[in-house]
Amino acid sequence: AQSVTQPDIHITVSEGASLELRCNYSYGATPYLFWYVQSPGQGLQLLLKYFSGDTLVQGIKGFEAEFKRSQSSFNLRKPSVHWSDAAEYFCAVGAKAAGNKLTFGGGTRVLVKP
Amino acid sequence: DAGVIQSPRHEVTEMGQEVTLRCKPISGHDYLFWYRQTMMRGLELLIYFNNNVPIDDSGMPEDRFSAKMPNASFSTLKIQPSEPRDSAVYFCASTRSGELFFGEGSRLTVL
């Protein structure tokens, strides 16, 4: 069965500092990997995705993520955090063969200090 | 495109009442998903459809929950009778290519 683990429930970071959110997955086939962001009271918005090819993927809002097959990881990074990045972030894994069904991690809530 | 549209955005009801949540997927998307989000259990997949046909409903908690997709542009999730433990945010999402597009959710409170 597929699963996603986000080890950090909360992260607090100062504005302008770098951010890294961890994601580890378990999946039997070649995974599709996603990062979504959720602001309070809103739905989930896609930040970036990895299907194949270059293992470093760029997303919206200055985010990037790196797929490391050997570590079963897909960590999200941003070099300089803005106050508007305060939100909850979800990593997800799925596969085309599974009918696009995604399994989500528990989320990491990011707080940004001024 | 208007995105995935869900209604109502908020619903407050009493235990035992029937609740119907509605979803309009993005035009052209052939997969539709219903997720439930709670603090305790996070995001759980309840059911998903492909070309209006239910493919996997193993996440539906119990027989009180049912979902339908009568056509490509409309789906409902019904809870009858509702219970306080059903209180959650219910999200609908649609896709054509693996990337899910989410609605803004329906926040359900069952008193």
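The values are calculated or read from the model by the stated rules, or taken from the named source; none is laboratory data. Predicted, not measured: the structure shown is a model, and the values here were computed from it. No Cβ is skipped: glycine too gets one built from the backbone with ideal geometry, and neighbour counts run over all protein chains shown. All accessible areas refer to the heavy atoms of the entire protein, side chains included, with ligands and DNA or RNA removed. Shrake-Rupley method; radii C 1.70, N 1.55, O 1.52, S 1.80 Å.
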Seminar exercise, completed: Counted residues in segment A:74-111 being assigned to a strand (DSSP E or B), of a type in the set (S, T, N, Q) and modelled with pLDDT of 95 or more come to 2
Exercise. When segment B:3-43 is examined, which residues are found to be hydrophobic (A, V, I, L, M, F, W, C), within 13 Å of chain A (Cβ to nearest Cβ) and in contact (Cβ under 8 Å) with a residue 24 or more places away in the chain?
Worked result: B:VAL4, B:ILE5, B:CYS23, B:ILE26, B:LEU32, B:PHE33, B:TRP34, B:LEU43
Seminar exercise, completed: Scanning segment B:63-79 for residues that are within 17 Å of B:GLY103 (Cα to Cα) and of a type in the set (A, V, I, L, M), the one most open to solvent (accessible area, probe 1.4 Å) turns out to be B:ALA72
For this session: Any chance you could count how many residues in segment B:84-98 are open to solvent by less than 30 Å² (accessible area, probe 1.4 Å) and out of contact with any helix residue (DSSP H, G or I) (no Cβ under 8 Å at 6 or more places or on another chain)?
Result: 9
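Yes/no per residue for (1) more than 11 Å from chain A (Cβ to nearest Cβ); (2) part of a strand (DSSP E or B); (3) farther than 27 Å from A:TRP35 by Cβ:
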site: B:PRO61; (1), (2), (3): yes, no, yes
site: B:PRO81; (1), (2), (3): yes, no, yes
site: B:VAL89; (1), (2), (3): no, yes, no
site: B:SER97; (1), (2), (3): no, no, no
Seminar exercise, completed: Among the residues of segment A:8-28, the number that are of a type in the set (Phe, Trp, Tyr) and touching a Phe, Trp or Tyr at 6+ places or on another chain (Cβ under 8 Å) is 1
Seminar exercise, completed: Selection from segment A:66-108 of residues away from chain B (no Cβ under 14 Å), over 14 Å from the mean Cα position of the chain (by Cα) and under 29 Å from B:ASP56 (Cα atoms) yields A:ARG69
Exercise. When both residues are 6+ apart or on different chains and their Cβ atoms are under 6 Å apart, which pairs have a first residue that lies in segment A:9-26 and is within 12 Å of A:LYS78 (Cα to Cα), and a second that is of a type in the set (A, V, I, L, M, F, W, C) and open to solvent by 80 Å² or more (accessible area, probe 1.4 Å)?
Worked result: A:GLU15/A:TRP83
For this session: Could you tell me whether segment A:41-58 includes any residue that is assigned to a loop (DSSP other than H, G, I, E, B), more than 29 Å from B:GLN6 (Cβ to Cβ), open to solvent by less than 20 Å² (accessible area, probe 1.4 Å) and away from every other protein chain (no Cβ under 14 Å)?
Result: no
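Looking for whichever is closer than 14 Å to A:ASN100 by Cα, hydrophobic (A, V, I, L, M, F, W, C) and open to solvent by less than 50 Å² (accessible area, probe 1.4 Å) here; the options are B:LEU45, B:LEU21. Which one fits? Steps first, please.
Working: B:LEU21 fails: closer than 14 Å to A:ASN100 by Cα.
Unique residue meeting the criteria: B:LEU45.
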Problem set entry | Hits in segment A:29-40 - residues which are over 11 Å from A:ALA87 (Cβ atoms), open to solvent by 10 Å² or more (accessible area, probe 1.4 Å) and within 11 Å of another protein chain (Cβ to nearest Cβ) | A:TYR32
Exercise. Mind checking which residues of segment B:1-43 are of a type in the set (Ser, Thr, Tyr) and within 11 Å of the chain's Cα centre (by Cα)?
Worked result: B:SER7, B:THR20, B:TYR35
